[in-house]
Amino acid sequence: MYQRILVPLDGSDTSLAGLDEAVRLARLHGATLRLVHAFNTFKLRPGHASHASYSSLLPKMKAEGEELLQRGRERAERGGAKVETMLLTSLTLSLSELVAEDAQGWKADLIVAGTRGRKGIERILWGSQAQDVTRMATMPVLLVQAPETDTND
């Protein structure tokens with residue numbers, strides 16, 4: 001029985017497909033959802049960017065992440081789920097590492113993530129955050145296949 005389900009969100013239709021499945025599972029099991037949005041602050045700062053431009057970008061990224069989490073919370077609550085949110089940032093960890101580490105620290109029973117299901121050269125070029133989370137997680141991970149015509153909000 002799942003009591004604590006972690007759901008990474010990035011604002012894409014793919015991550016929303018994962019959220020919708022997590023809401024169904026949360027209702028079925030009486031579980032709490034933890035919606036997380038992660039970003040690596042080190043990667044935001046290219047070598048040529050000034051401190052001033054970096055300093056103005058970081059608060060904007062955090063605000064956008066909080067807004068994304070709020071929209072996810074509202075969607076999950078409309079679906080009848082109990083929800084909490086967490087914005088994850090790091091200088092050194094990848095997005096997948098942040099998600100897996102938070103899931104372990106929160107003692108999640110399950111991670112539910114949307115995946116585009118990339119294949120071939122596209123997967124080689126772009127990688128798969130969902131697959132990386134699957135390899136790093138210490139708990140089960142449910143990958144929800146979403147349409148390839150994914151767009152960001």
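The values are calculated or read from the model by the stated rules, or taken from the named source; none is laboratory data. Note that the structure is a prediction, hence the values are computed from the model and not measured. Positions of Cβ are generated from backbone atoms using ideal geometry, with glycine treated the same way; all protein chains shown enter the neighbour counts.
Worth a mention:
- Breaking point among (1) modelled with pLDDT of 95 or more; (2) under 22 Å from Ala137 (Cα atoms); (3) acidic (Asp, Glu), for Glu97: (1)
- Restricting attention to region 63-101, the residues being surrounded by 19 or more Cβ atoms within 10 Å (Cβ to Cβ) and touching a residue at least 40 places away in the same chain (Cβ under 8 Å) number 11.
- Yes/no for Leu19 being surrounded by fewer than 16 Cβ atoms within 10 Å (Cβ to Cβ), at pLDDT 95 or above, not in a strand (DSSP E or B) and not polar (S, T, N, Q): no
- When Thr89 is tested against the conditions (1) over 23 Å from Gly30 (Cβ atoms); (2) modelled with pLDDT of 95 or more, the lone failure is (2).
- Within region 59-101, the set of residues being among the small types (Gly, Ala, Ser), part of a helix (DSSP H, G or I) and closer than 19 Å to Thr14 by Cβ comprises Gly65, Gly72, Ala76, Ser96, Ala100.
- Residues being modelled with pLDDT of 75 or more and closer than 15 Å to Leu9 by Cβ - total across region 107-129: 6
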